[in-house]
Amino acid sequence: MTDKMSIAFRGTPAGLVVVVDEEKPFKTIMADLVRKLEDSGYFFVGADVTLDLGSRDLDRTELNQVAETIQNKHGLVITGVKTTSERTKSAAQALDVNIVHEDHPAPNASAKTEIAPPTHATPPVPEYPPTLSPIPPGELPTEIVRRTFRSGQQYESAGNLVVLGDVNAGAELIAAGDIIIFGALRGMAFAGSTGKTDAMILALKLNPTQLRIADRVARSAGDVVENNPGPEVAFIENDQIVIDVWGKH
Amino acid sequence: MLSKVIVITSGKGGVGKTTTVAHIGTALALMGRKVAVVDADIGLRNLDIILGLENRIVYDLVNVIEGTCKLNQALIRDKRVGNLYLLPAAQTRTKEAVEPEQMKALCHSLRETFDYVLIDSPAGIEGGFRNALAGADSAIIVTTPHVSAVRDADRIIGLVEAAEKGIPKLIINRLDIEMVKKGEMLDQDDIVDILSIGLLGIIPEDPAIVTASNRGESVFNNDKSKSAEAYRRIARRIEGEDVPLLDLDDNHSFLGRLKRILTTNIG
Ligand SMILES: Nc1ncnc2c1ncn2[C@@H]1O[C@H](COP(=O)(O)OP(=O)(O)OP(=O)(O)O)[C@@H](O)[C@H]1O
Ligand SMILES: [Mg+2]
């Protein structure tokens, strides 16, 4: 699909994480960040994010620039910065940004596990009362998204993901749990992204370019025959992704 | 009537945006509407060439935006259709010479004089595209019936929706029925199914378009032209008329239709 981007959005149980490449030039990072945010449209409005900078050195001005782009231009809320660089740490302190320690999400980020649903310029999603979470381990939250995913668009969910619409070629869905599409899947779907091997992918029309479940990958055979056998489901059986007609059993 | 500002764009380059703008603009003007076609492909201007107006350009869009000249000094009246005006792009400048806000203001002024403002956009996701989109109320996406063009169109539709320009309308250009019949080209149903937006029209592959464009003429000079009929129908649909497509649902009647129109025109 696209070149390796220097910016990645990951849905984790602790919320959305923006992972920043450690090596690429700062200019590239900013350009990719702007592009990713613009491409995502309004998916993330109101979402809490943690910035994962790895060992990257950022000075105060640079960190401020990144934060401004994410917060002011695109309406996300940075709840913390994850870094191993001393320089970046002091920049974060100077800007009064919370520093998140390895594997310990920001205290207020753990209360929210859901990525904001897509909105079309509607006001930010309301805060979830902290009492609703955390969801017990093993039980993933389910998110319902009503839209068409087009080429270049990506959506990540920390739980199960239900899409009411088509997922076109060039679009990517990633979910820690199952992915269920009430429409056609022509793009890429990655279920069980955090290693859940019993995750499944179900679509009314399963014509993906690629499927991933946990650490398994399956490609389409190439010849895109839009045969329509009805709803189908993909899951792992004997260490391989298999596709079966839905409702056979 | 309330004037409409429509941007004509695409994901992939070379699919026929400029040709489409010139012909739809001409068709609307022939229907009596006052039309401005704006070349927003700054640095790569060619709408003037297709309209055969290249040698009349004195001022351009960037001059207007920078205040070097007045808007009406830069507008060039078409040599055949009195109601049609061109605002040419600057050839020697880059897209950085214009900001989206300035395009908005420009489109706003054009609304005062014109019923339709059609903006010829550069392809793709660059700054030039954002400028072209900035002042528009709605968008028309042009694609050819090729997998890669449709894929890129899909991407652009997503961006137009994110920019809150509503759901764009689709024009399929250069459809070759023979190729569709052989299964070598996507047919209109496949394309509409994938892109799931409304179809504004289908323009057949027509060598006469290339010849006419090279001479700075339009296909309307030739009454028999089926592409001219396709453009006229698109113009009527833009006007809100409910006109049937040149094709029908299944391939058979699609062919029947085209044949009938051809024989009617010849006869
Ligand atoms: N329906 C058609 N049948 C045959 N040729 C066509 C048709 N439509 C456009 N063309 C030809 O395709 C070529 C590209 O068209 P055009 O310049 O309008 O594309 P464009 O999308 O504006 O390109 P760019 O992205 O470079 O601005 C031209 O040579 C034109 O004459
Ligand atoms: Mg062009």
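The values are calculated or read from the model by the stated rules, or taken from the named source; none is laboratory data. Small disclaimer: the values here were computed from a predicted structure and weren't measured. Accessible surface is based on the protein model in full, side chains and every heavy atom, while ligands, DNA and RNA are left aside. Shrake-Rupley method; radii C 1.70, N 1.55, O 1.52, S 1.80 Å.
Tabulated data
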| item | result |
| --- | --- |
| Exposure rank, largest accessible area first [A:Arg87, B:Arg236; 1.4 Å] | A:Arg87, B:Arg236 |
| Over chain B, relative contact order from alpha-carbon pairs under 8 Å, at least 6 apart, % | 23 percent |
| Built amide H within the under 5 Å cut-off of A:Gly170, gap 5+ | A:Met188 |
| Prolate/oblate/rounded call for the range B:4-266, Cα gyration tensor, a/c under 1.5 rounded | prolate |
| Net lengthening on full extension, B:Arg80/B:Val147 (0.36 nm per residue, minus Cα-Cα) | 20.4 nm |
| Rounded to 10°, Cα long-axis angle of helix B:147-162 versus longest principal axis of chain B | 50 degrees |
| The range B:1-144: C-alpha gyration tensor shape, a/c 1.5 cut-off, then a/b vs b/c | rounded |
| Choice from B:Thr68, B:Thr26, B:Thr18 with maximal GNM fluctuation in chain B (Cα, 10 Å cutoff) | B:Thr68 |
| A:Lys24, B:Lys182, reordered so the largest accessible area comes first (probe 1.4 Å) | B:Lys182, A:Lys24 |
| Whether the range A:142-245 is rounded, prolate or oblate, judged on the alpha carbon gyration tensor where a/c under 1.5 counts as rounded | rounded |
| Helical mean residue ellipticity (222 nm; -39500 (n - 2.57) per DSSP H run of 4+; nearest 500) of chain B | -12500 deg cm²/dmol |
| Cα-based helix-to-principal-axis angle, B:17-30 vs chain B, degrees rounded to 10 | 90 degrees |
| For B:Ser138, distant residues with modelled amide H under 5 Å away | B:Val5, B:Val7 |
| A versus B: buried accessible surface, summed, Å² (probe 1.4 Å, to nearest 100) | 1400 Å² |
| Table column - 3J(HN,Hα) (Hz), the range A:17-34, Karplus curve with 6.51, -1.76, 1.60, x for Gly and Pro | 10, 9, 9, 9, 4, 7, 10, 4, x, 4, 4, 4, 4, 4, 4, 5, 4, 4 |
| Solvent exposure, largest accessible area first (probe 1.4 Å, DNA, RNA and ligands not counted), of B:Lys17, B:Lys169 | B:Lys169, B:Lys17 |
| Choice from B:Val192, B:Val15, B:Val117 showing the highest fluctuation, given a GNM over chain B with Cα pairs closer than 10 Å | B:Val192 |
| Per-residue SASA entry for B:His108, accessible area with 1.4 Å probe, Å² rounded to 10 | 120 Å² |
| Percent accessible area from carbon and sulfur atoms, chain B, protein chains only, probe 1.4 Å | 49 percent |
| ³J(HN,Hα), Karplus 6.51/-1.76/1.60, whole Hz, each residue of the range A:181-192, x for Gly, Pro | 10, 8, x, 9, 9, 10, x, 10, 10, 10, 9, x |
| Degrees between helix B:251-266 axis and first principal axis of chain B (Cα, 0 to 90, nearest 10) | 70 degrees |
